[in-house]
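This report refers to the structure that appears directly beneath it.
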């Protein structure tokens with residue numbers, strides 16, 4: 001019948017295009033899907049503060065193109081951002097760009113699990129008597145109160161000054177106390193320590 005002939009011609013044309021034959025069939029139909037542009041991949045270095053506050057960065061590709069990348073709050077080391085349509089151009093549309101984030105090590109802050117931690121240098125007088133110490137946070141400098149009798153390893157918690165999660169909610173910053181001796185030898189301090197060691201020896205508690 002006529003309908004059967006039409007269907008036969010249709011299947012022949014489809015099979016011909018799939019097989020690469022059929023004369024001028026290569027420019028459209030099924031072959032067109034293979035003409036999408038290639039995906040591109042790149043690594044982007046960011047600062048710890050960028051993962052906390054969010055940021056916009058510009059990245060350049062080897063072909064001379066540049067694109068702007070939005071760093072979301074709560075971004076993490078090794079996270080890959082997919083930018084649709086930002087890959088190489090193609091006949092049926094561009095590919096995508098995949099940007100892997102690399103967080104630079106910070107001079108002050110470090111990540112321990114979900115917590116943001118920093119060392120807080122404290123002098124012996126401030127540790128023994130208590131005192132005020134200025135500390136840097138991702139949001140600027142603050143003044144912390146060191147309690148009387150503070151020890152190395154003890155942490156002061158700064159609420160809402162830590163890392164961001166994917167919703168932008170901030171965690172806490174832990175300022176870990178580190179007792180610091182004077183940079184230069186002090187004869188009076190040494191004499192005091194010698195007298196204390198003889199008169200009031202003690203054994204530090206093991207954690």
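The values are calculated or read from the model by the stated rules, or taken from the named source; none is laboratory data. Nothing here was measured: the structure is a model prediction, and the numbers come from that model. In this analysis, Cβ positions are derived from the backbone assuming ideal geometry, glycine residues included, and neighbour counts consider all displayed protein chains.
Summed over segment 153-177, the residues that are more than 21 Å from the chain's Cα centre (by Cα) and loosely packed, with under 13 Cβ neighbours inside 10 Å give a count of 2.
Each row is one residue, and each column tells you yes or no for (1) farther than 21 Å from residue 119 by Cβ; (2) without any contact (Cβ under 8 Å) to a residue 12 or more places away in the chain; (3) in the same structural domain as residue 140 (by TED's automatic domain parsing); (4) assigned to a helix (DSSP H, G or I).
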| site | (1), (2), (3), (4) |
| --- | --- |
| 156 | no, no, yes, no |
| 176 | no, no, yes, no |
| 189 | yes, no, no, yes |
| 195 | yes, yes, no, yes |
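One residue alone among 135, 141, 55, 75 is assigned by TED's automatic domain parsing to the domain that holds residue 177, surrounded by 11 or more Cβ atoms within 10 Å (Cβ to Cβ) and closer than 30 Å to residue 174 by Cβ, and that residue is 135.
Assess whether residue 45 counts as being out of contact with any helix residue (DSSP H, G or I) (no Cβ under 8 Å at 6 or more places or on another chain), in a strand (DSSP E or B), at pLDDT 50 or above and surrounded by 10 or more Cβ atoms within 10 Å (Cβ to Cβ). Outline the logic, then answer.
Working: out of contact with any helix residue (DSSP H, G or I) (no Cβ under 8 Å at 6 or more places or on another chain): yes; in a strand (DSSP E or B): yes; at pLDDT 50 or above: yes; surrounded by 10 or more Cβ atoms within 10 Å (Cβ to Cβ): yes.
When the stated conditions are applied, residue 45 passes them.
For residue 171, the stated conditions do not hold, so it cannot be described as under 16 Å from residue 108 (Cα atoms) and in contact with a strand residue (DSSP E or B) (Cβ under 8 Å, 6 or more places away or on another chain). Residue 102 meets each of the listed conditions (1) out of contact with any strand residue (DSSP E or B) (no Cβ under 7 Å at 6 or more places or on another chain); (2) assigned to a strand (DSSP E or B); (3) surrounded by fewer than 16 Cβ atoms within 10 Å (Cβ to Cβ) apart from (1).
Hey, among 76, 13, which residue is modelled with pLDDT under 95 and not in a loop (DSSP other than H, G, I, E, B)?
Values: 76 fails: not in a loop (DSSP other than H, G, I, E, B).
Going through 76, 13 in turn, the sole match is 13.
Within segment 108-151, track down each residue that is touching a residue at least 40 places away in the same chain (Cβ under 8 Å), within 16 Å of residue 181 (Cα to Cα) and either part of a strand (DSSP E or B) or touching a strand residue (DSSP E or B) at 6+ places or on another chain (Cβ under 6 Å) (or both). 119, 120, 121, 122, 123, 127 - these are the residues of segment 108-151 that are touching a residue at least 40 places away in the same chain (Cβ under 8 Å), within 16 Å of residue 181 (Cα to Cα) and either part of a strand (DSSP E or B) or touching a strand residue (DSSP E or B) at 6+ places or on another chain (Cβ under 6 Å) (or both). Of all the listed residues (149, 153), the sole one being modelled with pLDDT under 95 and touching a helix residue (DSSP H, G or I) at 6+ places or on another chain (Cβ under 8 Å) is 149.
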